[in-house]
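J.: Sharing a structure here in structure tokens format.
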Amino acid sequence: MEEKRSRFEELCLPHLDAAYNLAYSLVGRDHDAQDIVQEAYIRALKGFKGLRGDNARHWLMMIVRNTAYTWLKMHANERNIFPFDPAIHATTTSKSRSESSWEERVQQLQEALPIEFREILVLRDIEGWSYKQLASALHTRQRLRQEVARVQDKESRNEL
């Protein structure tokens with residue numbers, strides 16, 4: 001048991017910041033993101049024997065993603081009742097320019113894009129996932145084809 005725990009810590013703890021970044025980008029609140037990461041790490045520890053190889057990052061990010069989506073479904077009503085407003089919830093602590101800049105980018109993404117697209121941008125641009133990893137993990141190929149066909153169909157109808 002102790003060997004399993006130390007192996008888990010060795011492979012998964014280095015990705016704690018990446019897990020938090022993904023959770024925060026999906027839910028938009030610090031405390032909620034921390035809760036999601038904690039729950040995801042508990043799930044990861046329980047399912048650790050299912051990890052194949054030594055590359056835990058991708059595996060762990062999918063657990064964080066799934067945990068965040070589960071959390072969003074469970075708390076959908078709460079999020080609608082108390083919307084996040086940066087002007088109201090601004091903190092007075094001094095932050096470094098890069099941290100503030102990152103939070104501003106995340107906020108802009110949250111306002112401009114649906115959650116599914118924000119997730120793709122975070123995993124690709126911030127976490128450095130390859131397109132192949134994204135496609136297999138997020139099952140976007142079929143959805144992308146459908147969206148392209150819908151847009152092309154709409155454009156062809158507009159031309160008539």
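The values are calculated or read from the model by the stated rules, or taken from the named source; none is laboratory data. Note that the structure is a prediction, hence the values are computed from the model and not measured. Cβ placement follows ideal geometry from the backbone for every residue including glycine, while neighbour counts extend to all protein chains displayed.
J.: Would it be correct to say that ASP85 is modelled with pLDDT of 70 or more and either surrounded by 14 or more Cβ atoms within 10 Å (Cβ to Cβ) or of a type in the set (Asp, Glu) (or both)?
T.: Numbers: modelled with pLDDT of 70 or more: no; either surrounded by 14 or more Cβ atoms within 10 Å (Cβ to Cβ) or of a type in the set (Asp, Glu) (or both): yes.
Considered against the rule, which asks whether it is modelled with pLDDT of 70 or more and either surrounded by 14 or more Cβ atoms within 10 Å (Cβ to Cβ) or of a type in the set (Asp, Glu) (or both), ASP85 comes out as no.
J.: Among the residues of region 30-57, what is the count of those that are at pLDDT 85 or above and of a type in the set (S, T, N, Q)?
T.: Result for region 30-57: 2.
J.: For region 14-29, name all the residues that are in contact with a helix residue (DSSP H, G or I) (Cβ under 9 Å, 6 or more places away or on another chain) and over 20 Å from PHE117 (Cα atoms).
T.: Residues of region 14-29 that are in contact with a helix residue (DSSP H, G or I) (Cβ under 9 Å, 6 or more places away or on another chain), as a first pass: 14-16, 18-29.
Matches in region 14-29: PRO14, HIS15, LEU16.
J.: Another question, then. Quick one: is TRP71 surrounded by 14 or more Cβ atoms within 10 Å (Cβ to Cβ), in a helix (DSSP H, G or I) and out of contact with any helix residue (DSSP H, G or I) (no Cβ under 7 Å at 6 or more places or on another chain)?
T.: On the way: surrounded by 14 or more Cβ atoms within 10 Å (Cβ to Cβ): yes; in a helix (DSSP H, G or I): yes; out of contact with any helix residue (DSSP H, G or I) (no Cβ under 7 Å at 6 or more places or on another chain): no.
So TRP71 fails the test.
J.: How many residues are closer than 18 Å to GLU127 by Cα and in a helix (DSSP H, G or I) when one looks only at region 1-33?
T.: Here the count works out to 18.
J.: Could you look through region 1-56, keep only residues that are among the basic types (Lys, Arg) and surrounded by 14 or more Cβ atoms within 10 Å (Cβ to Cβ), and pick out the one that is nearest to SER101 (Cα to Cα)?
T.: Restricting to residues being among the basic types (Lys, Arg) and surrounded by 14 or more Cβ atoms within 10 Å (Cβ to Cβ), the top hit is ARG29.
J.: So, one more: What are the residue pairs meeting all of these: first residue in region 41-64, first residue small (Gly, Ala, Ser), second residue surrounded by 16 or more Cβ atoms within 10 Å (Cβ to Cβ) and not in a helix (DSSP H, G or I), Cβ atoms under 9 Å, and 6 or more apart or on different chains?
T.: Listed pairs, sorted by first residue: ALA44/LEU51.
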